[in-house]
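Have a look at the structure below before the remarks.
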Amino acid sequence: MTPPVFAHGHLRLYLLSLLAEEPMHGYEVMQALEERFGGTYVPSAGTIYPRLAKLEAEGLVSKTADGRKTVYSITDAGRAELAARASELDGIENGVTDSVRRLADEVRSSVNAAMKTLRADLASAARESRNEAKDATRSERAEAKNSQVDSRGQLQEAELAINEFRHQLRADLRMRVVRGELSAETVRVLSEGLDEVRARVELTLRDDAQ
C-alpha cells in the first residue's frame with residue numbers, strides 16, 4: 001500500500017502556502033497540487049474542500065463568490081501562521097520532492113509490470129498453440145510443423161515489436177518524469193490500452209487455433 005503523500009497536518013499548511021501565492025478556486029488548488037507533483041498525485045475534491053472549509057472556520061482562509069465558483073484567499077491570520085511555521089514548511093517541501101520521486105518510481109514499476117505481463121501472455125498463448133499441434137494426425141502434424149515454423153517467426157516479430165514499444169515508451173515516460181509532466185491519466189490510459197491489446201491478441205490466438 002502506498003504511504004500517504006502528506007503527513008498528518010501537513011496538507012493543511014501546504015494549502016495555506018498555495019493560497020499565499022494567489023487566491024484560487026478549489027479546482028485551481030487541486031490543479032496546483034497536481035502540477036507540484038508532476039501529475040503523480042491528483043488530490044480529490046473530497047480531500048481538498050473539507051480542509052479548505054476547516055481553514056475558513058479557523059479564520060485562516062476567507063472565501064468570496066465569483067459567479068458560480070468560490071475563490072479562497074489567505075487571511076492575515078493565515079499568513080501569520082504560515083510565517084510562524086516557515087521552517088516546518090521547508091521540511092514539507094523536501095517531503096513533497098521525496099514523494100514525487102517515490103510515486104514516479106511506482107509509475108515506472110507499474111509500466112514495466114504491465115509489459116512483462118503482456119509478453120508472458122503472448123508466450124503462454126504460443127506454448128498452448130504448440131501443445132495443441134502435438135495432438136494432430138500425421139498429416140496434420142506435418143502441416144502444423146510448417147505452421148509452427150511460421151508461428152515462431154511471427155512470435156519473434158511480436159517480441160521484437162514488444163521490445164521496441166517497451167524501450168521507446170519507457171524512454172518517453174522517463175523524459176516526462178524528468179520534466180514533471182507524467183500524469184496519472186497517462187498511466188491509466190496506458191494500462192487500459194495494454195489490457196485491450198492483450199484481450200484482442202488472445203481472441204485472435206483462439207480464432208487461429210480453431
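The values are calculated or read from the model by the stated rules, or taken from the named source; none is laboratory data. Predicted, not measured: the structure shown is a model, and the values here were computed from it. Quick reminder, even Gly has a Cβ in these numbers, built from the backbone with ideal geometry, and neighbours come from all protein chains shown.
Give the residue that is modelled with the highest pLDDT, with candidates limited to residues of the range 1-35 that are under 17 Å from the mean Cα position of the chain (by Cα) and crowded, with 19+ Cβ neighbours inside 10 Å. The selected residue is Leu33.
Across the range 184-203, the number of residues qualifying as more than 15 Å from Leu169 (Cβ to Cβ) and in contact (Cβ under 8 Å) with a residue 12 or more places away in the chain comes to 5. Here Ser109, Ser129 are screened, and the one residue that is closer than 30 Å to Glu34 by Cα, in a helix (DSSP H, G or I) and modelled with pLDDT under 70 is Ser109.
Does Leu18 satisfy the criteria of being in a helix (DSSP H, G or I) and under 19 Å from Gly91 (Cα atoms)? Spelling it out, Leu18 is indeed in a helix (DSSP H, G or I) and under 19 Å from Gly91 (Cα atoms).
Among the residues of the range 45-88, those that are touching a Gly at 6+ places or on another chain (Cβ under 9 Å) and assigned to a loop (DSSP other than H, G, I, E, B) comprise Glu58, Gly59, Leu60, Thr75. Among the residues of the range 154-194, those that are among the acidic types (Asp, Glu) and over 30 Å from Arg36 (Cβ atoms) comprise Glu157, Glu159, Glu164.
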